[in-house]
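Read the structure below first, then the notes.
The values are calculated or read from the model by the stated rules, or taken from the named source; none is laboratory data. The structure displayed is predicted, hence computed values, not measured ones. We place every Cβ from the backbone using ideal geometry, glycine too, and count neighbours over all the protein chains shown. Each accessible area value is taken on the protein alone, full model and side chains, heavy atoms only, with ligands, DNA and RNA left out. Shrake-Rupley method; radii C 1.70, N 1.55, O 1.52, S 1.80 Å.
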Amino acid sequence: MNNDTICALATANGIGALGIIRVSGNEALSVVQKSFPAKNLEKQKSHTIHYGYFMDEEEAIDEVMLSIFLAPKSFTTENSVEIAFHGSPHIGKRILETLIKNGARMAKAGEFTLRAFINGRIDLSQAEAIADVIASENEASRKVAINQLKGGITNEISVLRTDLLNFVSLIELELDFAEEDVEFADRSALSGLLDKIEVKLNSLIESFQYGNAIKNGTAVAIIGKPNAGKSTLLNSLLKEERAIVSNIAGTTRDTIEEVLHIKGNAFRLIDTAGLRETMDEIEAIGVKKAKEKVENANILVYLADAATEDFSEDIEMIQSLLREDLKLIICATKIDEVIPTQYEMVENIFREAISHEFDFIKISAVENQNIQDLKNELSSYVEHLKTEENNVVITNQRHFEALKKSMDAVHKVKEAISFQISTELLAYELRNALEHLGEISGEVTNDEVLGNIFSKFCIGK
Ligand code: GDP
């Protein structure tokens, strides 16, 4: 770990009332001091704020406020200074250039957080949680990220890991006394602990489906024959959304997806670009195209025009799209155009033909009838993913993989015990399990994993 003094813009790069530049490293104070004649920074206490001009040699660049955080009581645990300036991107650029002239260098992506991790202030899952907190776009993802930042996942796992570690020590002690055929580690107590670990791991692994829905949203495909009412429904669903989120500039989301928020959860409506402009497009949506859409979806909302009579094509289409893990919602559309007996008949036709479980909702997008029922049904999908004891939810693919590997390792240890395999092998499998559990908090890690995690952060974090 080098101790270069690093600097970066911590606020968004654009015009604002204020901007903040962060400086961290052993020499942070002296680097900033060269541009801040107003006070002797070395003499200031930690957690104090100082007013003055930020200078590039003789030229005043801006009037600023400096916040000083002395090691180890800072985010990175190093000496740090935050410079609040008038939020012009040009001024920010000039200040950074001057700091570099003074001896700092630009921080790499995630380098402040990497230092916080390496210096032991936070563990790896907490570092990842910081990225998630910043990226959170709704209540559900914010809550989960904050819980992880508070150490939720690590706490759960480190308790298990410590217990397991005790056993490893005992088993290794047995290896030292191999000649004497003694058993320090009580095998049945070990089995009991492994059962407990298995239950915990299982619940964490299961929570990933929910975590994924929270973090990445639930993918919904809206399918139906031309004129079934897809774009009208889409507009109706997104109406309030547009009013709230009128123009978020520069979102990096895939542009062909619209996002709908229901009760704090995000739903990604797959490939809706086509729907918006299809009025004149002869959109005989082939089975192949529909399959592509549904392949990535968690929920299929199939629209059937209640005012028509023959549903054989619809049934065929639905059957060709179904998968076991797909939630199916069939909507009879345009119910304002037909009498109730007709759409009840439509429901019966589908119930007879389709064996996969589905919800049936009768809607009129034009008259806004029962659209709320559809929204409720969508949101109940996410609610059902919550398992009973989901106070800790896994949202991170890396954690999910590590948990699955830990689970495999635990199974192997159990096998080793039941087949009374050699103590050496048992110790080996136990170490393996410990290692995978340790990957989550970063107790066990390697440079490649770290590089991968922190490169996804933005600069200044
Ligand atoms: P798409 O091809 O599936 O996207 O269908 P559209 O949404 O473009 O709708 C086709 C036609 O049906 C349009 O003229 C819509 O105004 C009409 N339509 C859609 N939904 C309803 C509805 O709920 N009630 C009535 N009466 N007409 C609807």
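For Ile83, the criteria (1) open to solvent by less than 10 Å² (accessible area, probe 1.4 Å); (2) closer than 29 Å to Val449 by Cα hold in every case but one, which is (2).
Within segment 209-231, take every residue that is near the ligand (Cβ under 6 Å from one of its atoms) and open to solvent by less than 60 Å² (accessible area, probe 1.4 Å) and give me the one that is nearest to Ile330 (Cα to Cα). Before the answer, list the steps.
Taking segment 209-231 first, the residues near the ligand (Cβ under 6 Å from one of its atoms) are 224, 226-231.
From the residues that got through so far, the ones that are open to solvent by less than 60 Å² (accessible area, probe 1.4 Å) too are 224, 228-231.
Working: Gly224: 10, Ala228: 12, Gly229: 13, Lys230: 12, Ser231: 16 Å.
Among them, the one singled out is Gly224.
Of all residues in segment 153-168, none are under 20 Å from Ser125 (Cα atoms) and not in a helix (DSSP H, G or I). Within segment 396-410, residues that are among the charged types (D, E, K, R) reach partners that are part of a helix (DSSP H, G or I) with beta carbons closer than 7 Å, at six or more positions or on different chains, in the pairs Lys404/Ile205; Lys405/His436. In segment 430-445, the residues that are without any contact (Cβ under 8 Å) to a residue 60 or more places away in the chain form Cβ pairs under 6 Å with partners that are of a type in the set (Val, Ile, Thr), at six or more places apart or across chains, as follows: Glu435/Val444. Scanning segment 354-388 for residues that are part of a strand (DSSP E or B) and within 15 Å of Val220 (Cα to Cα), we see that the one that is least open to solvent (accessible area, probe 1.4 Å) is Phe358.
For segment 1-38, enumerate the residues that are open to solvent by 80 Å² or more (accessible area, probe 1.4 Å) and touching an Asp or Glu at 6+ places or on another chain (Cβ under 8 Å).
Let us first name the residues in segment 1-38 that are open to solvent by 80 Å² or more (accessible area, probe 1.4 Å), namely 1, 3, 12-13, 15, 17-18, 26-27, 34, 37.
Across segment 1-38, the qualifying residues are Asn3, Asn26.
Among the residues of segment 116-145, what is the count of those that are part of a helix (DSSP H, G or I) and open to solvent by 60 Å² or more (accessible area, probe 1.4 Å)? Give the derivation first.
Step one: list which residues in segment 116-145 are part of a helix (DSSP H, G or I), which gives 116-118, 124-135, 139-145.
Still in the running and open to solvent by 60 Å² or more (accessible area, probe 1.4 Å): 118, 134-135, 139, 142-143.
Of the residues in that region, 6 qualify.
For segment 315-337, which positions are open to solvent by less than 20 Å² (accessible area, probe 1.4 Å) and within 12 Å of the ligand (Cβ to nearest atom)? Cys331, Ala332, Thr333, Ile335 - these are the residues of segment 315-337 that are open to solvent by less than 20 Å² (accessible area, probe 1.4 Å) and within 12 Å of the ligand (Cβ to nearest atom).
The set of residues in segment 293-314 being open to solvent by 30 Å² or more (accessible area, probe 1.4 Å) and touching a helix residue (DSSP H, G or I) at 6+ places or on another chain (Cβ under 6 Å) consists of Ala307 alone.
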